[in-house]
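Chemist: Shown below is the structure under consideration.
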Amino acid sequence: MDEKITVIIPVFNGEKYLERTLDSLINQSFGFENIEVIIADDCSTDNTANIMREYSDRYSNIKCFFLKKNYGAAGKGRNVGLENASADYIMFLDSDDEFAPDMCEVMYSAITREDVDFVMCRYDMYVDGEFAGHNKSFLEERDDETRVDSLMNNLDMISTCSNMVVWNKIYKKELIKANGMKFVDDRYNEDYLFENEVYLTAESFASLNHFYGHRYHILSDSASNAGSAKFFDDGIFVLDRVEELFEKKGFSHHEVVNEYVVIMTQGLLKSDMENSKKKDFFRRMKPYYRKYGLSYRLINNVSLPFNMAINIAIKLFSVSASFASVASRIFKMISR
């Protein structure tokens, strides 16, 4: 039987959680025989490769690819998956996350019923395996389903970073293939850039506002790259590419990147990088701080006083990288 959905899983040293991830696909109400699974290994040094081979030997619709060098980010593995996907619809899943049992069934039903380019849903968060709540979103206040045929009139859908991930969506493969979309191979935040291109290119999409189909796991024992110099360097690289993309498509983009700018800035404030490097990143962020609107209202459930404080701080950061660096030290002191 030809599979209806290809699920692409990039992995690196995923031995602790990969079995749980794969089992969540095998147990889908949609029927595992309808799902092709492509796993791309980024030169793991643990038992990941053996787990992959074990599952592939057991299930003919699980296909394994082993990269010849380590790219250090998920983009290359996802590209390998796209190049080898045989189904008409694409989904992505990280190797330490999982799908709810009806994720594939609900998402496939929605995209075929609505005949849109992609469908997105909400997600649940887990900390060390314990349920920690739904992701917060303005979508909670909307009807069960929102169909969008004009992005220009619905820019709030693209402005919030919780919508700018690849693992809460199902895509028509034709949308990706026909427009030559691919991920940056070796950069963090590559999904944010990919998602901006998806939103700007799609003719229509739908959001399942009250369906929590993805289970996002936060693992306290995993090493995070979120405070590294490469993470911020890649983040600025992505911001620059997004700006170019919006200009090419003829869209106003300043509000779209504001949420991302806030997240990047929060990360810089919390980072343990040496002060000179941190100051340099604040300096490189200044063009985005200057464009940031003082009256901008953040989307995802931020109180108005806190929103105002963030806006004022960012405008001050646009004046002086030294001020931002001092603010970072104060922030770290009061956060201890």
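The values are calculated or read from the model by the stated rules, or taken from the named source; none is laboratory data. Quick caveat: nothing in here was measured; it's all calculated off a predicted structure. No Cβ is skipped: glycine too gets one built from the backbone with ideal geometry, and neighbour counts run over all protein chains shown.
Chemist: Looking at the structure I just gave you, is TYR71 under 25 Å from TYR192 (Cβ atoms), surrounded by fewer than 22 Cβ atoms within 10 Å (Cβ to Cβ) and touching a His at 6+ places or on another chain (Cβ under 8 Å)?
Modeler: So TYR71 fails the test.
Chemist: Can you tell me which residues in the stretch 242-277 are touching a Lys or Arg at 6+ places or on another chain (Cβ under 9 Å) and of a type in the set (Lys, Arg)?
Modeler: Hit for the stretch 242-277 is LYS270, nothing else.
Chemist: For the stretch 299-308, what are the residues that are surrounded by 12 or more Cβ atoms within 10 Å (Cβ to Cβ) and at pLDDT 85 or above?
Modeler: Residues satisfying the conditions are ASN307, MET308.
Chemist: Quick one: would you say MET107 is modelled with pLDDT of 95 or more and in contact with a Gly (Cβ under 9 Å, 6 or more places away or on another chain)?
Modeler: Values: modelled with pLDDT of 95 or more: yes; in contact with a Gly (Cβ under 9 Å, 6 or more places away or on another chain): yes.
In short, yes.
Chemist: Let me ask another. State whether the residues of the stretch 29-37 include one that is hydroxyl-bearing (Ser, Thr, Tyr), farther than 27 Å from LYS177 by Cα, touching a residue at least 40 places away in the same chain (Cβ under 8 Å) and surrounded by fewer than 17 Cβ atoms within 10 Å (Cβ to Cβ).
Modeler: Yes, some residue in the stretch 29-37 is hydroxyl-bearing (Ser, Thr, Tyr), farther than 27 Å from LYS177 by Cα, touching a residue at least 40 places away in the same chain (Cβ under 8 Å) and surrounded by fewer than 17 Cβ atoms within 10 Å (Cβ to Cβ).
Chemist: Among the residues of the stretch 167-194, which ones are β-branched (Val, Ile, Thr) and surrounded by fewer than 23 Cβ atoms within 10 Å (Cβ to Cβ)? Give the derivation first.
Modeler: Kept after step one, since they are β-branched (Val, Ile, Thr), are these residues of the stretch 167-194: 170, 176, 184.
If the condition is that a residue be β-branched (Val, Ile, Thr) and surrounded by fewer than 23 Cβ atoms within 10 Å (Cβ to Cβ), then ILE176, VAL184 are the ones that fit.
Chemist: Additional query: For residues that are among the aliphatic types (A, V, I, L, M) and part of a loop (DSSP other than H, G, I, E, B), scanning just the stretch 67-117, find the one that is farthest from LYS182 (Cα to Cα). Show your work before the answer.
Modeler: Step one: of the stretch 67-117, the residues among the aliphatic types (A, V, I, L, M) are 67, 73-74, 80, 82, 85, 87, 90-91, 93, 100, 103, 106-107, 110-111, 116.
Then keep just the ones that are part of a loop (DSSP other than H, G, I, E, B); that gives 67, 73-74, 85, 87, 93, 100, 116.
Working: LEU67: 17, ALA73: 14, ALA74: 12, ALA85: 13, ALA87: 17, LEU93: 16, ALA100: 26, VAL116: 20 Å.
This residue is ALA100.
Chemist: For the stretch 1-22, how many residues are surrounded by fewer than 23 Cβ atoms within 10 Å (Cβ to Cβ) and without any contact (Cβ under 8 Å) to a residue 60 or more places away in the chain?
Modeler: Selection size over the stretch 1-22: 4.
Chemist: Hey, could you check the stretch 43-59 for residues that are of a type in the set (Asp, Glu) and closer than 30 Å to ASP102 by Cβ and say which is farthest from the chain's Cα centre (by Cα)?
Modeler: ASP57
Chemist: Scan the stretch 85-95 and tell me whether some residue there is exposed (fewer than 14 other Cβ atoms within 10 Å of the Cβ), touching a residue at least 24 places away in the same chain (Cβ under 8 Å) and either under 25 Å from VAL184 (Cα atoms) or assigned by TED's automatic domain parsing to the domain that holds ASP46 (or both).
Modeler: Looking for residues that are exposed (fewer than 14 other Cβ atoms within 10 Å of the Cβ), touching a residue at least 24 places away in the same chain (Cβ under 8 Å) and either under 25 Å from VAL184 (Cα atoms) or assigned by TED's automatic domain parsing to the domain that holds ASP46 (or both), one finds at least one in the stretch 85-95, hence yes.
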